[in-house]
1. Provide the gained length on full extension for the span Asp375 to Ile292, in nm with one decimal, where the gain is 0.36 nm per separating residue minus the Cα-Cα distance.
2. With +1 on the Cβ of every Lys and Arg and -1 on the Cβ of every Asp and Glu, and nothing else charged, how large is the dipole of the chain about its Cα centre, in debye rounded to the nearest 20?
3. At most 10 other C-beta atoms within 10 Å and a DSSP loop state: those are the exposed GluC sites (Glu not before Pro) I care about. Give me the longest piece of the chain that has none.
4. Can you find, among Gly227, Phe144, Ser193, the residue farthest towards the positive end of the dipole of the range 143-284? Put +1 on the C-beta of Lys and Arg, -1 on that of Asp and Glu.
5. Which helices of the chain meet both criteria: a Cα extent of 18 Å or more along the helical axis and a mean Kyte-Doolittle score no lower than 0.0, with helices taken as whole DSSP H segments?
6. Provide the gained length on full extension for the span Glu59 to Ala221, in nm with one decimal, where the gain is 0.36 nm per separating residue minus the Cα-Cα distance.
7. Within the chain, how many lysine pairs that are 8 or more places apart, or on different chains, have C-alpha atoms less than 28 Å apart?
8. Pull out the extension gain between Arg94 and Asp158, defined as 0.36 nm times the separation in residues minus the alpha carbon to alpha carbon distance; nm, one decimal.
Amino acid sequence: MPVPDPDPTPPSRRVPSRRKGGAGFFRVAVLFLLAAMAGYYLSEQMGWRLWRDGEVSREFETMRTYARILIPAGSGARVSGKEAADAAEAAVRRVNDLMGPHGDLSDVARLNASPAGVWVEVDPLTWRVVMEALRWNRLSGGAFDPTIGPIKSLFKFDQSEHDNWPDAAALDSARKRTGADKLLFDREGMRLSWAVDGMRLDLGAIAKGFAADQAAEALMAVGARHGVAEIGGELRVFGGKPGNPPQPWRTGIRDPRQRPDPEDPAGAGLAEVLELTDGGVATSGDYESYFIYQGKRFQHIIDPGSGLPVEVKPGSVAGVTVISPDSCAAADALATTLCVLGPERGRRFLEGQALGLFSRGVRIIMFVVGNEAGDMRRLAFTADDKGNVTMSEEGKDG
Ligand code: AMP
Ligand code: MG
């Protein structure tokens, strides 16, 4: 007897029953997914990447110049290249916000608007830079001075010819409002104050180097082991280019009297190509910010001794590049200091600091104006193990 079909749907319209084993496949897929997630989590914890970001380079305007961040492929960062660049950019912008001359967030702007005797509490980051600036002021016997603002603001360093020179009364008043000894500080409260009205803090000689250091640190904080941060020519690199072994980063030192060729940035106009795995490189010179008065050229660096901008003349520093093994802020401050001091006083200053500088691997390349025609002398400083510093002239291209 035929068994009656229990399903009233005609056989042609029935939905085929699930293939045997479908539930098993689903289970395998879920297990596979869980294993992949666990593997990803563990590899992240152990600092490996399952995939590699391509190189990310970021350029933005800040501190009245351009900043560039480079995160190479295989940097080792725990986040995407974009997120790493975001972190580095934020670090640079923070330095600018706190230490630039303007803006609601600027400690420098608040201090500069404060009359004598009023304490201004500053961010720990600003405090660090101010303390570092004051340290260079002491080391340099006052040549480096972050309070030259009132003198600087009497001049306009716009690369053009000027007919006027500030009158003696204005210069005298500005000098009285300059001097790091009149910047008072309260360590406990991280507060700063002026001893005299109308003073101005100017961190322009150190903040770009510090910001490059901060950007590099932000990259390292997200796990990057290789990277580059450059702000207006002040450079901080770390880890070399990824490779086995890592290859050094390359950067050019400009000849102060030659225009770089935009078509060939690695060629003409360069005095030397530096190779560096870790460290900071900073350059100060007389060729970017200056003005001309009665045929004489004055650069944007102020000699606190004379109370005037440093004049470009035979014996003055046309350009100096400092290479520091670890800190761009230090390289930045030292480069500015050497522009004020010039070669011979610079040599004596370096001798006083030889153990702290040369034994740590600091290198200095200095171009000095040789004669009225603008020929350059290139000087190198070396220290012996007793700390005596010798200044020697190198061949034009050597
Ligand atoms: P840099 O390009 O690093 O040499 O810095 C130059 C800037 O530092 C100038 O534009 C001033 O804002 C500031 N400055 C000028 N003279 C001095 C000085 N003697 N000590 C410290 N900062 C200075
Ligand atoms: Mg500097």
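1. Full-extension gain reported as 28.0 nm.
2. So the dipole magnitude of the chain works out to roughly 1420 debye.
3. Result for the longest clean stretch: 1-187.
4. It is Ser193, whose Cα lies furthest towards the positive end.
5. Length and hydropathy pass: 22-45, 207-221, 328-352.
6. Contour length minus the Cα-Cα distance gives 56.3 nm.
7. 21
8. Here the answer is 20.3 nm.
The values are calculated or read from the model by the stated rules, or taken from the named source; none is laboratory data. Just so it is clear, the structure is predicted and the values come from calculations on it, not from any experiment. Using ideal geometry, Cβ is built from the backbone for each residue, glycine included, and neighbour counts are taken over all protein chains shown. Please note that ligands, DNA and RNA were not included when accessible areas were found on the heavy atoms of the full protein model with its side chains. Shrake-Rupley method; radii C 1.70, N 1.55, O 1.52, S 1.80 Å.
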